[in-house]
1. On a straight-distance basis, which aspartates and glutamates could pair with Lys189 in a cross-link, Cα separation under 19 angstrom, same-chain partners fewer than 8 positions away excluded?
2. Using amide H atoms built in the peptide plane, which far-off residues or other-chain residues are under 5 Å from Ile165 H to H?
3. If every alpha-carbon in the range 40-120 counts as one equal scatterer, what log10 I(q)/I(0) does Debye give at q = 0.14, 0.25, 0.26 1/Å?
4. When the chain is treated as a GNM, springs tying every alpha-carbon pair under 10 Å, which of Lys149, Lys52, Lys166 comes out with the largest mean-square fluctuation?
5. Roughly what % of DSSP beta bridges within the chain run antiparallel, to the nearest 5?
6. Pairs Lys49/Lys167; Lys26/Lys98; Lys26/Lys49: which are spaced more than 22 Å apart, C-alpha to C-alpha?
7. Is there a quick way to get the dipole size of the chain? I mean about its Cα centre, with the Cβ of Lys and Arg at +1 and of Asp and Glu at -1; what is the value in debye to the nearest 20?
8. Compute, for the range 1-114, the length of the dipole vector about the Cα centre, with Cβ point charges of +1 (Lys, Arg) and -1 (Asp, Glu) only. Units Debye, rounded to 20.
Amino acid sequence: MNIPDRDSAFPLETYYRLCFLKNIIKNPNIIVGDYTYYDDFEDVENFEKNIKYHFDFIGDKLIIGKFCMIASGVKFIMNGGNHLTESISAYPFAIFGKDWQNAMDGKSYPSKGDTIIGNDVWIGHNATIMPGITIGDGAIIASNATVTKNVAPYTIVGGNPGQIIKKRFSDEIVELLLEIQWWNWDIEKITQNVQLLTSNDFEKLKSII
């Protein structure tokens with residue numbers, strides 16, 4: 001078998017604007033699965049630049065599964081961008097120190113936790129994912145969407161704020177796909193079945209599991 005190398009930064013020979021993302025990430029709080037790719041119009045280094053307000057001292061993580069497709073301009077807003085909303089002022093006095101350094105004593109800025117992207121998720125050009133969002137396996141996020149709520153598996157979401165456009169498959173098929181988790185098969189089995197995985201022959205899929 002001649003299987004694409006999951007450890008290659010640039011799997012398309014002579015094309016350096018598409019990368020297998022895990023191989024270029026430097027931030028330990030960004031975790032990316034095998035074969036997930038990022039395609040940028042200019043420079044793949046823009047991926048980390050587009051993860052906004054991701055401060056080490058907060059510790060929140062961006063976790064992305066396997067075989068995801070992430071387009072140029074996708075932005076992830078992390079918890080460092082949150083401000084107080086129920087206080088008299090939303091202004092972050094404490095970060096400027098000096099006589100303001102104790103402004104947050106006994107308080108904390110709001111956090112919605114880690115941002116989690118499932119497996120086989122396609123995120124379209126210029127989409128924005130807000131803090132603490134979970135996007136389920138097989139979901140599709142349309143170009144320019146702003147995702148403010150969790151997205152169920154195999155759901156297509158678009159708009160600002162993001163709204164469900166439709167489910168990709170019936171509940172029965174979604175249940176089947178979530179059960180088999182093809183992305184966790186051995187890469188040899190995936191390779192043997194790429195023709196099937198790019199079809200809609202669910203009956204044949206049932207026969208091989």
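The values are calculated or read from the model by the stated rules, or taken from the named source; none is laboratory data. Note that the structure is predicted; figures quoted are calculated from it, not measured. Backbone-built Cβ (ideal geometry, glycine too); neighbour counts: all protein chains shown. Ligands, DNA and RNA are stripped out before the accessible areas are found, and what is left, the full protein with its side chains, is counted by its heavy atoms. Shrake-Rupley method; radii C 1.70, N 1.55, O 1.52, S 1.80 Å.
1. Straight-line reach from Lys189, under 19 Å: Asp5, Asp7, Asp34, Asp120, Glu179, Asp201, Glu203.
2. Ile156, Val157, Gly158
3. With no solvent term, the Cα-only Debye profile gives -0.62, -1.27, -1.33.
4. Lys166
5. On the way: 7 of 30 bridges.
In the chain, DSSP labels about 25 percent of beta bridges as antiparallel.
6. Values: Lys49/Lys167 32 Å; Lys26/Lys98 32 Å; Lys26/Lys49 11 Å.
Over 22 Å Cα-Cα: Lys49/Lys167; Lys26/Lys98.
7. Numbers: 19 positive and 26 negative charges, 101 e Å.
Its charge dipole is roughly 480 debye.
8. Details: 12 positive and 16 negative charges, 55 e Å.
Approximately 260 debye in magnitude.
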